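*Asks:* Encoded as structure tokens, here's the structure I'll be asking about.
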Amino acid sequence: MTKTAVIHQPDFLSYLGFFQRFLSADLYIALDCVQFVKNTSKAWQNRDKIKTPQGEKWLTVAIQKISSGTKINEVLLSTSDWRKDHLNLLQENYRQAPYFADIYPYLQELYSFQCIKMMDFNLESINLMLKLFDIKINTILASSLNPQGKNNTLLVDILSKTGCNYYLSGKGAEAYYDPKPFEAAGIKVIWQNFNHPVYPQLHGEFIPYLSAIDLLFNCGIEKSRQILRSS
């Protein structure tokens, strides 16, 4: 019997490729017990991009000041008005989108979700996107497994504890991949095959790798489900 898992940090309103992997997996393990990364090209845990008339723009979840080495599940949300700012920014830049009236209420509901930790808000955003894309997958927190090791050995320990014998990974992890721990545990690594779709957008020339909400605003729920599954 095969059981396939995706292991990834619980990113905020992520891009289409994040959700495309779930279509071929049985389990999503939210990697909440690793270090929070901020202010680098790899920092996606509390931000993603939307499209504006001036081009792409970061939509960033405001957080409280953290110290070096803070884990994702320890990051606290700011008490500022960032939720209102996000909704205003989305309304300003997508109100002319064909499906704004359909999608915006879902985001209003998301931003009304009250929590203290960034991770909880991010997971709520992931659950919303799973609902809109009609993706059904079980989700657990890596921290609940008391995982041991680092890098590849950490992943293998998580997979072994969940009884998964297939690991579906994004292409970005290939540079850090060490096959030996996976082979020793009898776990097969599958690399995601994702071709970013081109779809109608507002504000000029197409920009890929935006938050998945861009597709939903422009194409609606039913068409977005079809586009995601053909990517």
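*Asks:* Do you know which of the residues in the stretch 12-21 that are open to solvent by 10 Å² or more (accessible area, probe 1.4 Å) and in contact with a strand residue (DSSP E or B) (Cβ under 8 Å, 6 or more places away or on another chain) is nearest to Thr162 (Cα to Cα)?
*Replies:* Within the stretch 12-21, the match that is nearest to Thr162 (Cα to Cα) is Arg21.
Listed here are the residues, each with its yes/no results for (1) within 18 Å of Ser14 (Cβ to Cβ); (2) modelled with pLDDT of 95 or more.
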{"site": "Asp48", "(1), (2)": "yes, yes"}
{"site": "Pro53", "(1), (2)": "no, yes"}
{"site": "Glu56", "(1), (2)": "yes, yes"}
{"site": "Ser68", "(1), (2)": "no, no"}
{"site": "Ile72", "(1), (2)": "yes, yes"}
{"site": "Val75", "(1), (2)": "yes, yes"}
{"site": "Arg83", "(1), (2)": "no, yes"}
{"site": "His86", "(1), (2)": "yes, yes"}
{"site": "Leu89", "(1), (2)": "yes, yes"}
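*Asks:* Could you tell me whether the stretch 24-35 includes any residue that is farther than 22 Å from Leu154 by Cβ, without any contact (Cβ under 8 Å) to a residue 40 or more places away in the chain and touching a helix residue (DSSP H, G or I) at 6+ places or on another chain (Cβ under 8 Å)?
*Replies:* Within the stretch 24-35, not a single residue is farther than 22 Å from Leu154 by Cβ, without any contact (Cβ under 8 Å) to a residue 40 or more places away in the chain and touching a helix residue (DSSP H, G or I) at 6+ places or on another chain (Cβ under 8 Å).
*Asks:* Here is a follow-up. Across the stretch 203-231, what is the total count of residues that are aromatic (Phe, Trp, Tyr) and either part of a loop (DSSP other than H, G, I, E, B) or exposed (fewer than 14 other Cβ atoms within 10 Å of the Cβ) (or both)?
*Replies:* Residues that pass the stated criteria total 2.
*Asks:* Keeping to the stretch 101-127, report how many residues are of a type in the set (Phe, Trp, Tyr), assigned to a helix (DSSP H, G or I) and open to solvent by 30 Å² or more (accessible area, probe 1.4 Å).
*Replies:* So the count comes out to 1.
*Asks:* Could you check the stretch 138-170 and list, in sequence order, the residues that are of a type outside the set (Gly, Ala, Ser) and assigned to a helix (DSSP H, G or I)?
*Replies:* Leu145, Asn151, Asn152, Thr153, Leu154, Leu155, Val156, Asp157, Ile158, Leu159, Lys161
*Asks:* Oh, and also: Does the stretch 114-129 contain at least one residue that is over 21 Å from Gln45 (Cβ atoms) and without any contact (Cβ under 8 Å) to a residue 24 or more places away in the chain?
*Replies:* no
*Asks:* May I pose another question? Only one of Gly163, Gly186, Gly172 is open to solvent by 20 Å² or more (accessible area, probe 1.4 Å), without any contact (Cβ under 8 Å) to a residue 24 or more places away in the chain and on the phi > 0 side of the Ramachandran plot. Can you tell me which?
*Replies:* Unique residue meeting the criteria: Gly186.
*Asks:* Just to check your reading of the model, which residue among Asn88, Asn46, Asn138 is touching a strand residue (DSSP E or B) at 6+ places or on another chain (Cβ under 8 Å), open to solvent by less than 80 Å² (accessible area, probe 1.4 Å) and of a type in the set (S, T, N, Q)?
*Replies:* Being touching a strand residue (DSSP E or B) at 6+ places or on another chain (Cβ under 8 Å), open to solvent by less than 80 Å² (accessible area, probe 1.4 Å) and of a type in the set (S, T, N, Q) holds for just one of Asn88, Asn46, Asn138, which is Asn46.
The values are calculated or read from the model by the stated rules, or taken from the named source; none is laboratory data. This is a predicted model, so every value here is computed, not measured. With ideal geometry, Cβ positions are generated from the backbone for all residues, glycine too; neighbour counts draw on all protein chains shown. When the accessible area is computed, the model is the full protein with side chains, heavy atoms only, and any ligands, DNA or RNA have been set aside. Shrake-Rupley method; radii C 1.70, N 1.55, O 1.52, S 1.80 Å.
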